[in-house]
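Below is one structure, written out as structure tokens; the observations come after it.
The values are calculated or read from the model by the stated rules, or taken from the named source; none is laboratory data. Remember, predicted model here, so these are calculated numbers, not experimental data. Methodologically, a virtual Cβ is constructed for each residue, glycine included, from the backbone with ideal geometry; neighbour enumeration extends over all protein chains shown.
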Ligand code: 7TS
């Protein structure tokens, strides 16, 4: 089919066979308060396809065993599956080696690992760390803790009222003392896609390392850590249609080699005497104790699932869906979008005249529609826009335009209730 003559929104709505995709997600078949579930809280956590659920079930039924230590068949099978998932992650983000893929609990633990292992040994009093005004708390608090521990100073890139980073201000913050820059790829509270290529380049020009919080990006766009040239990249499995309690922090091998372990325990050692320990090689040096084996294997299955659909297709489809939702929301009088960046992904944060976001959430729930309301663990964003909370609808590739329409109808109903 020659797509050149077809309107872009028709192309984007037909990129994916969404009905077939939805059939893979058993949870989406249920009713809430007698209405079909409309799940629009994907930025908090995404639903799991049958392929992931079956992989977890199969692991526990067929080859549950501890890894890296057993000579028996089950342990070898579990180890193979666990390390196989590491290779899947490596390809998924195009890392140059499996040594650069560290399994952690999630984005939060990934950032804390870098703050404590890299930051605590490298930073000293007066050094500067730069984050942005739109960060999730998990990309703020670990740096505040590090500053308290080392005497380093935290600087913040401000944003404009559209929810875009002010790059001229970032340029001004960079200097000889900048050691580390840590920014979100996509804001969970606003949906802004940040110009991270530029941010990474500018950071490197000042010899600072750059960490990217990819929690909201990994489910929505293809990530290539080598092309980005970021030093660290963290994301969570549960937002990527995988299990909770598992995530990844990527780090450049040259940096990870020189970093001390984050935690001590089994599996991260080569040899222990009561006087001294010889640490294991990468990536095991950073994976102390029995890891979330099922989680890692399930994450591998989730990566297979999204890779089969294709991240480019997902991004194009969701782009169309987000544009459709933004345009539909503009037809709801009294609704104000929070976050109107030109480059925006899958998230619609909003407030409504005279209705508290929590009331919106409650009424929508009665209609079977799940959204999140609150500060979204990004209180500085709320402060910027002088609101205590927003209502937030966040989309995944299994969401349809009909669901956006249902959301808008339910918002009109909210207005009726509070008239
Ligand atoms: N960074 C961003 C940008 C996030 O959106 C989140 C979670 C995290 C870090 C932390 O991820 P975790 O998996 O370690 O918890 N964001 C959300 C949210 O928007 N609603 O619930 C969790």
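Points worth noting:
- Of the residues making up the range 189-219, those that are out of contact with any strand residue (DSSP E or B) (no Cβ under 7 Å at 6 or more places or on another chain) and assigned to a loop (DSSP other than H, G, I, E, B) are 195, 207, 219.
- Condition met for residue 300 (within 16 Å of the ligand (Cβ to nearest atom) and crowded, with 16+ Cβ neighbours inside 10 Å): no
- Note on the range 140-163: residues that are part of a loop (DSSP other than H, G, I, E, B) and within 16 Å of the ligand (Cβ to nearest atom) amount to 2.
- So residue 127, is it closer than 17 Å to residue 246 by Cα and more than 20 Å from the chain's Cα centre (by Cα): no
- The residues in the range 334-374 that are under 27 Å from residue 35 (Cα atoms) and either without any contact (Cβ under 8 Å) to a residue 40 or more places away in the chain or part of a strand (DSSP E or B) (or both) can be counted, and the count is 21.
- Of 121, 108, 55, all but one fail to be within 21 Å of the chain's Cα centre (by Cα) and either in a helix (DSSP H, G or I) or in contact (Cβ under 8 Å) with a residue 12 or more places away in the chain (or both); the exception is 108.
- In the set 47, 76, only one residue is part of a helix (DSSP H, G or I) and at pLDDT 95 or above; that residue is 76.
- Within the range 66-104, being free of Cβ contacts under 8 Å to residues at least 60 places away in the same chain and closer than 14 Å to residue 290 by Cβ holds for 70, 75, 79.
- For residue 356, the requirement of being surrounded by fewer than 19 Cβ atoms within 10 Å (Cβ to Cβ) and either in contact with a strand residue (DSSP E or B) (Cβ under 6 Å, 6 or more places away or on another chain) or at pLDDT 95 or above (or both) is met.
- Restricted to the range 363-398, and to residues there that are within 23 Å of residue 309 (Cβ to Cβ) and away from the ligand (no atom under 16 Å from the Cβ), the residue that is surrounded by the most Cβ atoms within 10 Å (Cβ to Cβ) is 397.
- Matching residues in the range 162-178 - criterion: being in contact (Cβ under 8 Å) with a residue 24 or more places away in the chain and either crowded, with 23+ Cβ neighbours inside 10 Å or within 25 Å of residue 351 (Cβ to Cβ) (or both): 162, 163, 164, 165
- Those residues of the range 96-139 which are more than 10 Å from the ligand (Cβ to nearest atom), closer than 30 Å to residue 339 by Cβ and surrounded by fewer than 23 Cβ atoms within 10 Å (Cβ to Cβ), in sequence order: 128, 133
- Residue under evaluation residue 266, criteria (1) out of contact with any strand residue (DSSP E or B) (no Cβ under 8 Å at 6 or more places or on another chain); (2) modelled with pLDDT of 95 or more, criterion not met: (2)
- Top-ranked residue in the range 214-235 [being buried (at least 24 other Cβ atoms within 10 Å of the Cβ) and farther than 18 Å from residue 315 by Cα; ranked as nearest to the ligand (Cβ to nearest atom)]: 234
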